[in-house]
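Read through the structure below, which is laid out as structure tokens, and then see the notes.
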Amino acid sequence: MTQSPKEDESLLDFAKIRKKYEKLSRGDQAQLGKRIGLPDDLAMMPAFYKLFPGIAPSKWHYRVAFIVPFIRHSDTSPELGKYIGMLERSGKIGNIERRVLQIARATPPQDVIYLKRLLMRFDEPAINWNKSGLAKLFSENPAKNSEGKKKFIEQYFIGRHSAEKGE
């Protein structure tokens, strides 16, 4: 029996979900891509059910599948927030502090919609999915969701200002 992330979100490995996504055909990957406006729109996409075979999807699955096409995984990469902060610090992107705070203040599903819009500005950034605390960011539990958003903001500011401390 497959446990759902609603029971224990730590059981899901985001890197494995990304690998499943990469194994999908180009057509299936396109179904999960840019044209999806809301996480719930994935319910009408066969590729969504191929990404999570044999699982009755929860809101958590929709939120993860909504973002998975836009972030690659690398064990050696930084967390998502830190990566975005580092890009801003390097001058590769403009000041996006407002967008990061917008994501953190938004309620589901608007938060992942804002996150997707931000990620679409990059060329599939490589981040460490499992270190990023994304399980909490995508959580249906409001307390865990809030905790994940706080971590996202902290990571962003650490990445943005780490050069000032000599790193």
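The values are calculated or read from the model by the stated rules, or taken from the named source; none is laboratory data. All values derive from a computational prediction rather than experimental measurement. Cβ coordinates were reconstructed from backbone atoms using ideal geometry, including for glycine residues, and neighbour counts include every protein chain displayed.
Here are the numbers for this structure:
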quantity: Residue pairs meeting the criteria (Cβ under 9 Å; at least 6 apart or on separate chains; first part of a helix (DSSP H, G or I) and modelled with pLDDT under 90, in region 144-161; second of a type in the set (Val, Ile, Thr) and surrounded by fewer than 18 Cβ atoms within 10 Å (Cβ to Cβ)); calculated: ASN145/THR107
quantity: Pairs, first exposed (fewer than 11 other Cβ atoms within 10 Å of the Cβ) in region 84-108, second assigned to a helix (DSSP H, G or I) and modelled with pLDDT of 95 or more, C-beta under 6 Å, six or more apart; calculated: none
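Yes or no, residue by residue, for (1) of a type in the set (Val, Ile, Thr); (2) at pLDDT 95 or above; (3) surrounded by 13 or more Cβ atoms within 10 Å (Cβ to Cβ); (4) in a helix (DSSP H, G or I):
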| position | (1), (2), (3), (4) |
| --- | --- |
| LYS6 | no, no, yes, no |
| ARG18 | no, no, yes, yes |
| GLN29 | no, yes, yes, yes |
| ARG35 | no, no, no, no |
| ILE55 | yes, no, yes, no |
| TRP60 | no, no, yes, yes |
| GLY81 | no, no, yes, yes |
